[in-house]
Structures are given as structure tokens and as C-alpha cells.
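Notes to accompany the following structure.
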């Protein structure tokens, strides 16, 4: 990162986004597609906050020349937009399940923030928490969900 202060503020901004998206996604998952009005309202908020987060974060990544993150965020935004346009309950549920991956991102952001504040920092606890949440959410939880979803569902239009 070009400037550690900007990097620190960016990661604090990311944590707020992650927590918001996790909260909204989890409320949709818990609803289990019983109240479509509630689901659409919550998902509209996910889209709204993502539309604020991704461009701001993208600008920071452009200045930092971290282009891989721009591509990652662009793909994420397109997927969130897809759920926003079509409002298919199964798609929204699947997208929200995948947004839970941001739980592990919180630990990654905390690690970066603390490193920026204290250059001699080496806290293995945060790294272990990141590893555990990443493994549980992505490999154990999301891998079977994504395989089943992709085998059982098709996407509209060019998606």
C-alpha cells in the first residue's frame, strides 16, 4: 500500500461494509425464503451498500495499483447486481450464503490495521482465526453449496 494511513482507513471502511453485509445476508438466510418482502428489502440494502463500497474501494485500489482486487470486486458487484435485477429468491439466498465469506475478511482487515499501527506486530491469534473462518466458510460450508447450486440452477440472460 502506498500510504499506511489510507490503508488503515480503507480496512476500517471494509470492516464496516463486511459487518453490514454479513448482518443483512444472515437475516435473509435465517428467513429461509418465507417473507419475500423482507428478503427483497434486505437485499436492496446489500446492493445499496455494495454500490457505495465497491467504487470507493476500487478507487483506493487503483491508486495502490492492486488491480486483482479491482477485478475481484467488479465480479462480486456484478453477482450482487444480478440478484438485484432478477429478484429470484434462490439466487438471492445463494448470493447471501456466499457473502458470509466476509466473516474471514474481517480478521484479514484487522491483521492489516494492526500491522499498520504497530510495525513489530506478529499476532498469530488473528492469523489463526482468519485461517479457521476461511477454511470453515469457504471449503466446508460454501464448496458443497456452490456445487449443488450450479448443478441444480441456471442463470438468466448472459450470466
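The values are calculated or read from the model by the stated rules, or taken from the named source; none is laboratory data. Just so we're clear, the structure is a prediction, and the values are computed from it rather than from any experiment. Quick reminder, even Gly has a Cβ in these numbers, built from the backbone with ideal geometry, and neighbours come from all protein chains shown.
Somewhere in the stretch 14-28, is a residue more than 18 Å from residue 101 (Cβ to Cβ) and either without any contact (Cβ under 8 Å) to a residue 12 or more places away in the chain or in a helix (DSSP H, G or I) (or both)? No, the stretch 14-28 contains no residue that is more than 18 Å from residue 101 (Cβ to Cβ) and either without any contact (Cβ under 8 Å) to a residue 12 or more places away in the chain or in a helix (DSSP H, G or I) (or both). Within the span defined as the stretch 15-35, one or more residues are modelled with pLDDT of 95 or more and over 30 Å from residue 154 (Cα atoms). Tell me whether the stretch 110-122 contains one or more residues that are under 18 Å from residue 75 (Cβ atoms) and part of a helix (DSSP H, G or I). Looking through the stretch 110-122, none of the residues is under 18 Å from residue 75 (Cβ atoms) and part of a helix (DSSP H, G or I). Look at residue 24 and say whether it is surrounded by fewer than 16 Cβ atoms within 10 Å (Cβ to Cβ) and either under 22 Å from residue 131 (Cβ atoms) or over 11 Å from the mean Cα position of the chain (by Cα) (or both). No: the conditions fail for residue 24.
Sort out which residues of the stretch 94-108 are over 12 Å from the mean Cα position of the chain (by Cα) and in contact (Cβ under 8 Å) with a residue 40 or more places away in the chain, and write them in order of number. Answer for the stretch 94-108, where residues must be over 12 Å from the mean Cα position of the chain (by Cα) and in contact (Cβ under 8 Å) with a residue 40 or more places away in the chain: just 94.
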